[in-house]
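Enquirer: A single structure is presented below for examination.
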Amino acid sequence: MADFPPDAWITTTRELKALAEDLRGAGRFAFDTEFISEETFEPILCLIQVATPNRLAVIDPLRVPDLGPMWNVLHDPAVEVVMHASGEDLRICRLQSGRVPPRIVDVQIAAGLAGFGYPLSLSNLVYQALGISVRGGETRTDWRRRPLSPNQLRYALDDVRYLLELADLLNARLKELGRLDWAESEYRDLVRAIEVRDDELRWRRLPGIHQLNRQGLEIARRLAEWRRNEAKRTNRPLRQFLRDDLLLAIAKRQPTSRHDLEALRDFRRSPVSGQVAKVLAIVAEALAVPPEALPEPTERYEEGPGLTMTVNLLSAALNHCCSRQGIAYALVGTSSDLKDLIRWHTQGRPGDRKPALVGGWRGEVCGQVLLDVLAGRLALRIVDPEADPPIALNPVRDQEEPTEAA
């Protein structure tokens, strides 16, 4: 097992404490996790992989009784933690320890800002940036099983083996481009989003929630709370207990009888089909709430053809900005961000808030261009459908021949 060093497999608290001191002494380390999330309320942490310039290691959380030394070094603000696509790993840290690492580098984000594309898989990024082919083939592994095969252990270590080298290369590139502070801002925003995420308000983000009236929102809130408590009590995934679409259907239909409830599509096949009385009681309690105590309606905007066309126009302008500056479009903004910008503009650009696309580093990339397009000061012109970018943005001048905008 040449790819797996003899001291890499950490299975005792003593070994973990020694490793944690090595990580702290290095001042920075690569970090990744393997977990199973399909069968339980919270993910089962199965492996923790780390790397310093001098050491590779895999921690077995199923055997190490106390992971405290690992969490302590992760939360040390003097230590930099390098990851790839860090969102899920940060959530695991929060679930396991109550906190997230305060100082991170995410090479996937760095790559998007450095012109490598976004979101790139780790193997793709390693190949593009370092010219190294990383073998895969273990993505469907049940990481709870022991012993793990040499291929599985090698795969696990490959997830951290090249991260520090990637971070060094990408940081140098970002520094050269003057974008290192952009990346650091994005890392801070990512950490903050994980820290403040309130799972109890998750129901507000359910697809289609804007279709509900205030009574429907109260039903959805109560059903979501019940679902969360029951899923946690029985240790199964939220959606396995009650699917989002069925929860929304109940909140929208507001059934008051067994007949009404069982008339809903798929209800009889759902895990809650045996709890008709409980579901009806939740609906009845929600309907009894006085109007002044009901949730405020979810902000809703009509999305007619005019908005769709405007989004498409701005999307082309945004793509143009990103292409000219060598930044991944998908990292800069989404259609939701463009819609938010359009609404802000049509509402008179209120000063109490700023859309993401005109603030921070995104504002530097595209903010003024998008505002000029919205205000009619810039027009799009197709230059060459085969070129990148295929369009030009020209200032609108009365009776003058358009020229290329800077």
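Enquirer: Answer with yes or no whether Ala193 is touching a residue at least 40 places away in the same chain (Cβ under 8 Å), among the small types (Gly, Ala, Ser), in the same structural domain as Arg94 (by TED's automatic domain parsing) and in a helix (DSSP H, G or I).
Expert: no
Results for (1) crowded, with 18+ Cβ neighbours inside 10 Å; (2) assigned to a loop (DSSP other than H, G, I, E, B); (3) not assigned by TED's automatic domain parsing to the domain that holds Ser185, shown as yes or no for each residue.
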site: Gly115; (1), (2), (3): no, yes, no
site: Leu120; (1), (2), (3): yes, yes, no
site: Tyr127; (1), (2), (3): no, no, no
site: Ile132; (1), (2), (3): no, yes, no
site: Pro147; (1), (2), (3): no, yes, no
site: Leu153; (1), (2), (3): yes, no, no
site: Ala156; (1), (2), (3): yes, no, no
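Enquirer: Another one. Give the stretch 47-79 a look and list any residue that's buried (at least 18 other Cβ atoms within 10 Å of the Cβ), assigned to a strand (DSSP E or B) and touching a residue at least 40 places away in the same chain (Cβ under 8 Å), or say none.
Expert: Passing the criteria: Leu47, Gln49, Val50, Ala51, Thr52, Leu56, Ala57, Val58, Ile59.
Enquirer: Considering only the stretch 273-337, give the helices (runs of 4 or more DSSP H) lying wholly within it that have at least 2 residues that are loosely packed, with under 12 Cβ neighbours inside 10 Å and not hydrophobic (A, V, I, L, M, F, W, C).
Expert: Result: 305-325.
Enquirer: Further question: For the stretch 372-397, name all the residues that are aliphatic (A, V, I, L, M) and out of contact with any Leu (no Cβ under 8 Å at 6 or more places or on another chain).
Expert: Residues satisfying the conditions are Ala375, Ile382, Val383, Ala387.
Enquirer: Just wondering, is there one or more residues in the stretch 192-212 that are β-branched (Val, Ile, Thr) and within 19 Å of Ala284 (Cα to Cα)?
Expert: no
Enquirer: Name the residue that is nearest to the chain's Cα centre (by Cα), counting only residues in the stretch 26-65 that are under 16 Å from Tyr162 (Cβ atoms) and polar (S, T, N, Q).
Expert: Gln49
Enquirer: To continue, here is another question. Yes or no: the stretch 242-260 includes at least one residue that is in contact (Cβ under 8 Å) with a residue 60 or more places away in the chain and not hydrophobic (A, V, I, L, M, F, W, C).
Expert: No.
Enquirer: Also, quick follow-up: Which of (1) surrounded by 21 or more Cβ atoms within 10 Å (Cβ to Cβ); (2) modelled with pLDDT of 90 or more; (3) closer than 24 Å to Leu90 by Cα does Trp203 not meet, given it meets every other one?
Expert: In the conditions (1) surrounded by 21 or more Cβ atoms within 10 Å (Cβ to Cβ); (2) modelled with pLDDT of 90 or more; (3) closer than 24 Å to Leu90 by Cα, Trp203 misses (2) alone.
Enquirer: Also, quick follow-up: Condition first: on the phi > 0 side of the Ramachandran plot and surrounded by fewer than 21 Cβ atoms within 10 Å (Cβ to Cβ). Can you find one or more residues in the stretch 89-107 that meet it?
Expert: yes
Enquirer: Do you know which residues across the stretch 16-39 are surrounded by 16 or more Cβ atoms within 10 Å (Cβ to Cβ), over 14 Å from Pro69 (Cα atoms) and not small (Gly, Ala, Ser)?
Expert: Correct list: Arg28, Phe29, Phe31, Asp32, Thr33, Glu34, Phe35.
Enquirer: Further question: Might you check whether a residue that is outside any loop (DSSP other than H, G, I, E, B), polar (S, T, N, Q) and out of contact with any Ser or Thr (no Cβ under 9 Å at 6 or more places or on another chain) occurs anywhere in the stretch 356-372?
Expert: The answer is yes, given that some residue of the stretch 356-372 is outside any loop (DSSP other than H, G, I, E, B), polar (S, T, N, Q) and out of contact with any Ser or Thr (no Cβ under 9 Å at 6 or more places or on another chain).
The values are calculated or read from the model by the stated rules, or taken from the named source; none is laboratory data. It should be emphasised that the depicted structure is a prediction, and the values quoted were computed from it without experimental measurement. Ideal geometry is used to build each Cβ from the backbone, glycine not excepted, and the neighbour counts take in all protein chains shown.
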